[in-house]
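Taking it in order: structure first as structure tokens, then the write-up.
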Amino acid sequence: MATHRSGLATAFTQVDVHRPRPGHSLPQAYYVSPEIYQRDIERMLMRHWICVGHASAIPEAGDYFTYELDRESVIIIRGRDGVIRALMNVCRHRGSRICYDSSGHAKGGLLICPYHAWVFTAEGALRNARMMPADFDVDAHGLRQIHLRVIEGLLFITFAEEALGLDQVTETISTSLGVYGWGTAKVIHQQSYLLDANWKLAVENQMECYHCAPSHPDYTRLHSQARPGVDDMTAAMQSRTAAQGIRIPSRDQWALEAQPGQEADYCARYAMWEGIQTGSEDGASVAPLMGQFTAFDGGTTFVYAGPVTFFIAYSDYGAIFRFTPRSVMKTELHVTWLVNETAVAGRDFDIDKVTWLWRVTNDADKQIIEQNQLGVASRFYQPGPYALPIENSTKRFTEWYLHEIDAESAA
Amino acid sequence: MATHRSGLATAFTQVDVHRPRPGHSLPQAYYVSPEIYQRDIERMLMRHWICVGHASAIPEAGDYFTYELDRESVIIIRGRDGVIRALMNVCRHRGSRICYDSSGHAKGGLLICPYHAWVFTAEGALRNARMMPADFDVDAHGLRQIHLRVIEGLLFITFAEEALGLDQVTETISTSLGVYGWGTAKVIHQQSYLLDANWKLAVENQMECYHCAPSHPDYTRLHSQARPGVDDMTAAMQSRTAAQGIRIPSRDQWALEAQPGQEADYCARYAMWEGIQTGSEDGASVAPLMGQFTAFDGGTTFVYAGPVTFFIAYSDYGAIFRFTPRSVMKTELHVTWLVNETAVAGRDFDIDKVTWLWRVTNDADKQIIEQNQLGVASRFYQPGPYALPIENSTKRFTEWYLHEIDAESAA
Amino acid sequence: MATHRSGLATAFTQVDVHRPRPGHSLPQAYYVSPEIYQRDIERMLMRHWICVGHASAIPEAGDYFTYELDRESVIIIRGRDGVIRALMNVCRHRGSRICYDSSGHAKGGLLICPYHAWVFTAEGALRNARMMPADFDVDAHGLRQIHLRVIEGLLFITFAEEALGLDQVTETISTSLGVYGWGTAKVIHQQSYLLDANWKLAVENQMECYHCAPSHPDYTRLHSQARPGVDDMTAAMQSRTAAQGIRIPSRDQWALEAQPGQEADYCARYAMWEGIQTGSEDGASVAPLMGQFTAFDGGTTFVYAGPVTFFIAYSDYGAIFRFTPRSVMKTELHVTWLVNETAVAGRDFDIDKVTWLWRVTNDADKQIIEQNQLGVASRFYQPGPYALPIENSTKRFTEWYLHEIDAESAA
């Protein structure tokens, strides 16, 4: 065999795929590495609070829905005592899922495992295990339960044994979404989008409106915050709100500004363009006013709680955005739409009209997030500079994230 | 960047995912770990005997079918000498599969590799390799062959070079399935089910009837063994068998009771309910009596041989159950139905009626096994206690398994 | 628990899956190992030249198509200066893909990233980044560019920073495909085949005609080189070529015969059977003569350049074969058909007739390559002896490959 070496070409030089650079997007590894993904799950998703839905979806004792994260399935169920709990969907016999479907009703307040018919109560206790030996300890085999808290109808869970405090989150939500009447709102529609991208790219996109003008023409036609110099419009909107006797304070305890031991939260208000009442195709009202509102103030309220759940409130409807990692390059975005509890479909609102803006916006986001994922996987990707100030929330999210997962190079 | 740490929450406590606990279901790792799966393949599947089918499927010289396991494909072929062999489906030239289809016929008793047309005999020798150099050793390039044994028409193979003995298996099958005439039975139908679950969950389910009452109402309506205290029924059934001069001894050399150096086997008989003749929708006969039977005795005979093949014999039909791991969380269940070789479809039996019970039962098993897999993957799964005695065979299977794969903690 | 060991069976003996044996096909690991695959990408694909297509596909300034390899996407685009460049499809802001589609046109000579609307020129410079801070360095954020060279209309790229020389490749292509007029030919059809096989099995198949007779009856009916002893036919063909004043020298600097620091190349000519004009269903002309040809000489010219691109030229049409690894066991074969630039579809040629032979041939190759992959994955696969001399090019390819990736055992 010849001794010369034909392949003398030097491979390209690759930038460091791990070391974050301040003010720049994250290095590649954070978007493609299975090891970092696993760390994300354990340190971010498993330790923080997640809003999994709204209490109005399970009004009766025994009503439940399930929430899946990583390899977990949680049964969110209303007990016969009216209390909503989060029970792990894992039978204590040989581990089968107990609820196969994503929502349902526990007849008679009992959850019966389909495999061997062990019977649990809607509150999680083992009621009966047929044919077990006499010395079997029934009381020691109830379903495992994780923390669940209800704030203005929003159902928050955490897998952490010792949970972060929710005092600040509660105050922020009460003085914002509470004012919009979310505590008694009702769910009218839910929709899931499966994004072929790492969950952080989805959240980073959610955090900034630098992309609104190029990617979301409809959103930009309605909302002002994609453009610079709209302070006057915001002030005018705030006056219209105050004129109704409504006060919704801005709050920022998000990301690294979270209080020690507390979950992070954030609330800010933005104006829509002159004459726009709500986030709808023509800007006109699509449902009855909610909560304390007696008129449209042309404002939108954005609330964040924890790393993966976001809320947007218009005067006549609201939406919950929940991002759930499915694998290193797959993320589910689940959206829940809310209206006034007394509103009647067909008479007071049309579901297609209420959901229109965020359906077209989510469809566009899915594409840009997925193309972002494809690009950052390249050897030629170099973390680029954030456009400040408009991408500041994204920058803050990535800094918080690096701190939470204890990235060596986070400063 | 702020110096406080917002993520103080402690993650949940997880049970040991590897250490087995006596009398309990296996720890999580055994159902989800790719490393353990690979060990399963090498130590269980590659060292034990597997019944791949019945000789009646390949009656003529040159008839063959293939069996796939892991990355292997085996050609089960009847030679021109009438002998059935197991030839590896790998050409000795550059490794191509020789038989592309799952069954077929070697014309003229020759297997011709479609790639470069090397010609092998149905007995595995290389007959001709076109255009090879003069010094090429034809005799050294026959197809590799593995052990194959025929017992009452059942085709057993093993990938082991030094195979486990089959003396006990042979005796057990001869005195049970042989009595049912399986040696001359014929295959009338085959069906595969792809289960999204680790193979051990599928076998564990096959081993116990604790789940029969909740999961298999039809099976339970026909068979008695899902209920406690049916000894009288079994005794009555045995009398009916004996009255025909038939003796089918129970044998238990299964799992850790296997004789040294011998494959494991098991035979037990159970009664169906009063008046039930066979495993059919209405309990009435669906095919001519088989083997030595001259009347229906209301009994069912269960036979196991090795870790992944199981047999059930009714007086008028039989079924072979073969479990093949496909990946760590995928398993193929393949079922073969047999009737008396002289029976004629349409006249003597209706395939839909013969196969009905085990189709509905397998459909239900698929679902419960898959939901079991989903549950054991949870961080909150804890191995639970077996319901004894009704889950004793499952317990024995897991103990045997741990011993075979040399799990450190197997006692 | 019993103390005897039932699983005494010894597993089969496996041949070494890594150590190559001279004159034999590669060991299994080279076709199934993700680690070796990654090494293949870095040492073969990323260091060698790849012909990605033909310049006639992008005639106008701003015209582009993309080429994907591993995690990379390259924009092959004609600039406003007429020069074709290879720009990495990765935005310098946060890494998004800029071109979503596999081909298109940059309007006004500008590529606008759909995410945040950064504007790049078709030559790769950053023209504008909206809303960026005043100190942002626009000039430092152009698109990254890799080497691209045009040889007789063929577009070659390499990801290597220090590229292999193309002097020899250029001479070989100029004196062969150049004579066929490829420099001014035009693309009439492109087609992709996704093969479920390692890329090396696809290239090994491309290199030899031992399989032509059994696998490609149509090809063999037209071309002579699948049969031994056709030297007379080749000499007759060469005379017919020379009679037109055309000289196409054979050249062999391929595989380990490549000049130091130069990319590998090869050119050889073969005769078709008596009376056959071109590679078509009936052997008759399917398009106008190309380049210097004034009559059909009954010859076919085969050219190789680098490890994954191959060319075949008939007197009236040509084809480019490009193999791109997609994953360890997936490979894309992309074929581009060329004719004389002045030929008009419908009048001078019928696309179905021009493409017929290589469509049926590729379809057959897809199947045999995939069955080869299945077979080599078996524990019972043993590298077999090449049929020499007819498989000599395949042997040379594997030796070159082992040398290039620095396989320890390559001698």
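The values are calculated or read from the model by the stated rules, or taken from the named source; none is laboratory data. Keep in mind the model is a prediction, meaning the values are calculated, not measured. We place every Cβ from the backbone using ideal geometry, glycine too, and count neighbours over all the protein chains shown.
Quick notes
- A single member of A:Ile276, A:Ile248 is modelled with pLDDT of 95 or more, among the aliphatic types (A, V, I, L, M) and touching a Lys or Arg at 6+ places or on another chain (Cβ under 8 Å), and it is A:Ile248.
- Counting residues in the range B:105-117 that are in contact with a His (Cβ under 6 Å, 6 or more places away or on another chain) and either within 30 Å of B:Val335 (Cα to Cα) or in a loop (DSSP other than H, G, I, E, B) (or both) gives one or more.
- Extreme residue, farthest from the other protein chains (Cβ to nearest Cβ), among residues of the range B:227-255 that are crowded, with 20+ Cβ neighbours inside 10 Å and aliphatic (A, V, I, L, M): B:Ile248
- Per the conditions (1) free of Cβ contacts under 8 Å to residues at least 12 places away in the same chain; (2) within 14 Å of chain C (Cβ to nearest Cβ), the sole criterion not satisfied by A:Gly384 is (1).
- Subset of the range C:67-121 that is among the aromatic types (Phe, Trp, Tyr) and under 25 Å from C:Ser327 (Cβ atoms) - its residue that is farthest from the chain's Cα centre (by Cα): C:Tyr100
- For the range C:290-302, the criterion of being aromatic (Phe, Trp, Tyr), modelled with pLDDT of 95 or more and under 19 Å from C:His216 (Cβ atoms) is satisfied by at least one residue.
- Filter result for C:Val52 (away from every other protein chain (no Cβ under 12 Å) and either surrounded by fewer than 20 Cβ atoms within 10 Å (Cβ to Cβ) or among the aromatic types (Phe, Trp, Tyr) (or both)): no
- Selection status of C:Arg127, outside any loop (DSSP other than H, G, I, E, B) and closer than 26 Å to A:Ala226 by Cα: yes
- Of the set (1) part of a loop (DSSP other than H, G, I, E, B); (2) in contact with a Gly (Cβ under 6 Å, 6 or more places away or on another chain), all apply to B:Leu357 but (1).
- For the range C:143-186, a residue qualifies if it is among the charged types (D, E, K, R) and under 25 Å from C:Val344 (Cβ atoms), and the qualifying residues are C:Glu152, C:Lys186.
- C:Arg347 being in a loop (DSSP other than H, G, I, E, B), touching a residue at least 60 places away in the same chain (Cβ under 8 Å) and among the basic types (Lys, Arg): no
- Checked against (1) in contact with a helix residue (DSSP H, G or I) (Cβ under 9 Å, 6 or more places away or on another chain); (2) within 20 Å of A:His216 (Cα to Cα), A:Asp363 meets all criteria but (1).
- Of the residues making up the range A:318-332, not a single one is buried (at least 20 other Cβ atoms within 10 Å of the Cβ), in contact with a strand residue (DSSP E or B) (Cβ under 8 Å, 6 or more places away or on another chain), farther than 30 Å from C:Asp101 by Cβ and among the aromatic types (Phe, Trp, Tyr).
- Of the helices (runs of 4 or more DSSP H) contained entirely in the range B:149-231, those carrying at least 3 residues that are over 30 Å from B:Pro260 (Cα atoms) and in contact (Cβ under 8 Å) with a residue 40 or more places away in the chain fall at B:217-222.
- Residue ID - surrounded by the fewest Cβ atoms within 10 Å (Cβ to Cβ), chosen from residues in the range C:158-182 that are under 23 Å from C:Glu341 (Cβ atoms) and of a type in the set (S, T, N, Q): C:Ser174
- Options B:Asn362, B:Asn392; residue that is within 14 Å of another protein chain (Cβ to nearest Cβ) and modelled with pLDDT of 95 or more: B:Asn392
- Of the criteria (1) over 16 Å from the mean Cα position of the chain (by Cα); (2) surrounded by fewer than 17 Cβ atoms within 10 Å (Cβ to Cβ), which one B:Gln191 fails: (1)
- A:Phe349 being buried (at least 21 other Cβ atoms within 10 Å of the Cβ) and at pLDDT 95 or above: yes
- When the range C:258-302 is limited to residues that are within 14 Å of chain A (Cβ to nearest Cβ) and touching a residue at least 60 places away in the same chain (Cβ under 8 Å), the one that is surrounded by the fewest Cβ atoms within 10 Å (Cβ to Cβ) turns out to be C:Gln259.
- Answer residue from the range A:98-128, given it is in contact with a strand residue (DSSP E or B) (Cβ under 6 Å, 6 or more places away or on another chain) and within 11 Å of chain B (Cβ to nearest Cβ) and is surrounded by the most Cβ atoms within 10 Å (Cβ to Cβ) among those: A:Ile98
- Flag if C:Glu257 is of a type in the set (Asp, Glu) and more than 30 Å from B:Ser96 (Cα to Cα): no
Conditions (1) facing another protein chain (nearest Cβ under 10 Å); (2) under 18 Å from B:Leu374 (Cα atoms); (3) β-branched (Val, Ile, Thr), marked per residue:
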position: A:Ile76; (1), (2), (3): no, yes, yes
position: A:Met88; (1), (2), (3): yes, yes, no
position: A:Cys91; (1), (2), (3): yes, yes, no
position: A:Asp137; (1), (2), (3): yes, no, no
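- Which numbered condition B:Ser224 misses (of (1) at pLDDT 95 or above; (2) buried (at least 21 other Cβ atoms within 10 Å of the Cβ)): (1)
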